[in-house]
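**Q** Below you'll find the structure I mean.
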Amino acid sequence: MMEMKMKNISHVSQFYLLRVSDDPELQPLLCGLFLSMFLISVLGNLLIILTVISFSHLHTPMYFFLSILSMADIGFISTTVPNMVAELQIHSSAISYVGCLTQMSLFIIFACMDSMLLAVMAYDRFVAICHPLHYAIIMNPCRCGVLVLISFSASLLHNLIALQVKCFKDVAIANFFCHPSQLLSLGCDNTFNNNILMYVIGVILGVFPLSGILTSYFKIISSILRITSSRGRYKAFSTCASHLAVECLFYGTGLGEYFGSLLSHSSGNNVIASLMYTVVTPMLNPFIYSLRNQDISDSLKRLHFCTV
């Protein structure tokens, strides 16, 4: 791993990312695996967007947020996986300074949007189940637009702080992409203050949305328990459990890697956690949020028949 002492940002021309694997026999297999997961994620999310756009009965807040989440997931996985696959193919871990900052900025935008949108969708389900008579008033088009705008705007604050680093102690990044907390930990000035700011942002953009999701689902489950039909309870619990599983995977690995990378440079744990929330979660979202949803499933069948 290359180490260099930096005094000025102008001296940095490139960074060196961590390779997912240094085994030449394993690299082609990983390349094929990650490329397949990338294509499944992009095609699955594009299919959801197309389905929501094509059928007017899906033009509701729930599916509006789902389509925006699909767009964010496409951007999210496209920020990291193509570059990782290219690295495995050309056997080079170098990334230019501009390329690294660009990747970091896009990663922050889509990761923050994912985080906030998952919380917004949980709130939407809470209102729909616990306050159905007031749903149309609470989740009106104007409020839906504001919630999406907040999801996007929150990432700009994170970007602004992450881009303030002016010099680096090292150019070796302990991850397969330019993670903001990794770059910040390499900063050589005001490290303590930067870390405090990143912890605060992590709490605001990660812990708070997760708390909102858990609170919403707690109230949803309380309402489900009052359902008299055992079949209805099972179906509702099954749907909530699958949603919670994906959300806990995203937040658990994302927050663990985010805060852990500020404290240590354990590359093995960073890579595994990063793969979970940057590759696996965007790939699972189309299946979890569509195949278990009767409206989406029926619309997909109708879309298939229309194209045949």
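The values are calculated or read from the model by the stated rules, or taken from the named source; none is laboratory data. Bear in mind that the values here come from a model prediction, so they are computed numbers and not experimental data. Because the Cβ atoms are built from the backbone with ideal geometry, glycine has one as well, and the counts that use them run over all protein chains shown. Side chains are part of the model used for accessible areas, which takes the heavy atoms of the whole protein and leaves out ligands, DNA and RNA. Shrake-Rupley method; radii C 1.70, N 1.55, O 1.52, S 1.80 Å.
**Q** In degrees from 0 to 90, rounded to the nearest 10, what is the angle of the helix 61-90 Cα long axis to the longest principal axis of the chain?
**A** So the inclination is approximately 30 degrees.
**Q** In addition: With θ set to phi - 60° and the Karplus curve 6.51 cos²θ - 1.76 cosθ + 1.60, what are the ³J(HN,Hα) couplings of the stretch 106-121 in order, to the nearest whole Hz, using x for Gly and Pro?
**A** These are the phi-based 3J(HN,Hα) values: 5, 4, 4, 4, 6, 5, 5, 4, 4, 4, 5, 5, 4, 5, 4, 5 Hz.
**Q** Which value, in Å² and to the nearest 10, is the accessible area of His243 when all protein chains are kept and the probe is 1.4 Å?
**A** Rounded to the nearest 10, the figure is 10 Å².
**Q** Let me ask something additional. Taking +1 at the Cβ of each Lys and Arg and -1 at the Cβ of each Asp and Glu, which of Ile224, Ala86, Gly75 sits farthest along the dipole of the chain towards its positive end, judged by Cα position relative to the Cα centre?
**A** The residue sitting farthest along the positive end of the dipole is Ile224.
**Q** Let me ask another. Using only the alpha-carbon atoms, how far is helix 294-307 inclined from the longest principal axis of the chain? Give it as 0 to 90 degrees, nearest 10.
**A** Between helix and principal axis, roughly 80 degrees.
**Q** Follow-up. Can you tell me the alpha carbon radius of gyration of the stretch 9-73 divided by the globular rule-of-thumb value 2.2 N^0.38 Å?
**A** This ratio for the stretch 9-73 stands at 1.76.
**Q** Please sort 179-186, 36-43 by packing, taking for each peptide the average over its residues of neighbouring beta carbons within 10 angstrom, highest first.
**A** 179-186, 36-43
**Q** Something else: Considering the chain, what Rg and Dmax in Å follow from its alpha-carbon atoms?
**A** Cα radius of gyration and Dmax of the chain are 20.8, 68 Å respectively.
**Q** Roughly how many Å² of Glu87 are accessible to a 1.4 Å probe, to the nearest 10?
**A** Rounded to the nearest 10, the figure is 20 Å².
**Q** Treating only the Cβ of Lys, Arg, Asp and Glu as charged (+1, +1, -1, -1), what charge dipole size does the stretch 1-144 show about its Cα centre? Round to the nearest 20 debye.
**A** 460
**Q** Next question. So how tilted is helix 208-224 from the main axis of the chain? Cα-based, degrees 0 to 90, rounded to 10.
**A** Computed tilt is about 20 degrees.
**Q** So for the stretch 57-216, taking the charge dipole from beta-carbon charges (+1 Lys/Arg, -1 Asp/Glu), which of Ser115, Pro180, Met104 sits furthest toward the positive end?
**A** Looking along the dipole axis, the top candidate is Ser115.
**Q** Explain nothing, just the number: dipole magnitude of the chain about its Cα centre with +1 on each Lys and Arg Cβ and -1 on each Asp and Glu Cβ, in debye rounded to the nearest 20.
**A** Taking the Cα centre of the chain as origin, the dipole is about 920 debye.
**Q** Related question: Mind computing the radius of gyration and Dmax over the alpha-carbon atoms of the stretch 73-128? Å is fine for both.
**A** Looking at the stretch 73-128, its Cα Rg and Dmax stand at 15.5, 50 Å.
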